[in-house]
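Have a look at the structure below before the remarks.
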Amino acid sequence: MRYLHTMVRISDIDQSLAFYCGSLGLEEVRRVDSEKGRFTLIFLAAPKDKAQAAETSAPLLELTYNWDPETYQGGRNFGHLAFRVDDIYQACQHLMDNGVTINRPPRDGHMAFVKSPDGISIELLQEGDPLPAKEPWASMPNTGTW
């Protein structure tokens, strides 16, 4: 058995790509438009997984956009997507600079949570050992849910 991808339904392609690619740093590796099925599939890979994804089509995040409008609810009951980052403080600052709310700040230098435009929880984990606690993160309160 081999892990291939996780599919997340999205309601706005531009807004979702701004979040997943522009803010989070994933890269689009493939796109499929189906007129018959009335949907678009956009496959994304983390930069360090891009070569493997090109070779094996995994691991990927599949964004599914249905052309006929739907309302999606329950992002929290999905669970979350998790990404390892080189510097959790730098990653969170970049997200904040792009207008993303840090729902669970990396007070411990190890873990943070944000949400996509469609309410999907994203967990960010520090590569290796936790970084030493530092401000403003150490005293930043939680915002909303994750």
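For segment 31-59, enumerate the residues that are closer than 25 Å to residue 86 by Cα, open to solvent by 10 Å² or more (accessible area, probe 1.4 Å) and in a strand (DSSP E or B). Of everything in segment 31-59, just one residue is closer than 25 Å to residue 86 by Cα, open to solvent by 10 Å² or more (accessible area, probe 1.4 Å) and in a strand (DSSP E or B), namely 43. Taking the criterion of being within 19 Å of residue 99 (Cβ to Cβ) and within 10 Å of the chain's Cα centre (by Cα), the residues of segment 118-143 that qualify are 120, 121, 122, 124. For segment 73-104, how many residues are touching an Asp or Glu at 6+ places or on another chain (Cβ under 6 Å) and closer than 23 Å to residue 30 by Cβ? Final tally of qualifying residues: 2. Just for strands (runs of 3 or more DSSP E) wholly inside segment 68-133: which have at least 2 residues that are open to solvent by less than 20 Å² (accessible area, probe 1.4 Å) and in contact with a helix residue (DSSP H, G or I) (Cβ under 8 Å, 6 or more places away or on another chain)? Once the strands (runs of 3 or more DSSP E) in segment 68-133 are filtered for at least 2 residues that are open to solvent by less than 20 Å² (accessible area, probe 1.4 Å) and in contact with a helix residue (DSSP H, G or I) (Cβ under 8 Å, 6 or more places away or on another chain), what remains is 111-115, 121-126. Scanning segment 9-25 finds no residues that are of a type outside the set (D, E, K, R), assigned to a strand (DSSP E or B) and open to solvent by 40 Å² or more (accessible area, probe 1.4 Å). Just one of the numbered conditions (1) under 20 Å from residue 91 (Cβ atoms); (2) without any contact (Cβ under 8 Å) to a residue 12 or more places away in the chain is not true of residue 47: (2). Annotation: residue 2 fulfils all but one of (1) outside any strand (DSSP E or B); (2) within 30 Å of residue 135 (Cβ to Cβ); (3) touching a residue at least 24 places away in the same chain (Cβ under 8 Å); the unmet one is (2). What's the total number of residues in segment 112-139 that are over 29 Å from residue 14 (Cβ atoms) and hydrophobic (A, V, I, L, M, F, W, C)? Qualifying residue count for the region: 4.
The values are calculated or read from the model by the stated rules, or taken from the named source; none is laboratory data. Quantities reported herein were computed from a predicted structural model and do not represent experimental measurements. Because the Cβ atoms are built from the backbone with ideal geometry, glycine has one as well, and the counts that use them run over all protein chains shown. The protein model used for the area step is the full one, side chains on, heavy atoms only, and it has no ligands, DNA or RNA in it. Shrake-Rupley method; radii C 1.70, N 1.55, O 1.52, S 1.80 Å.
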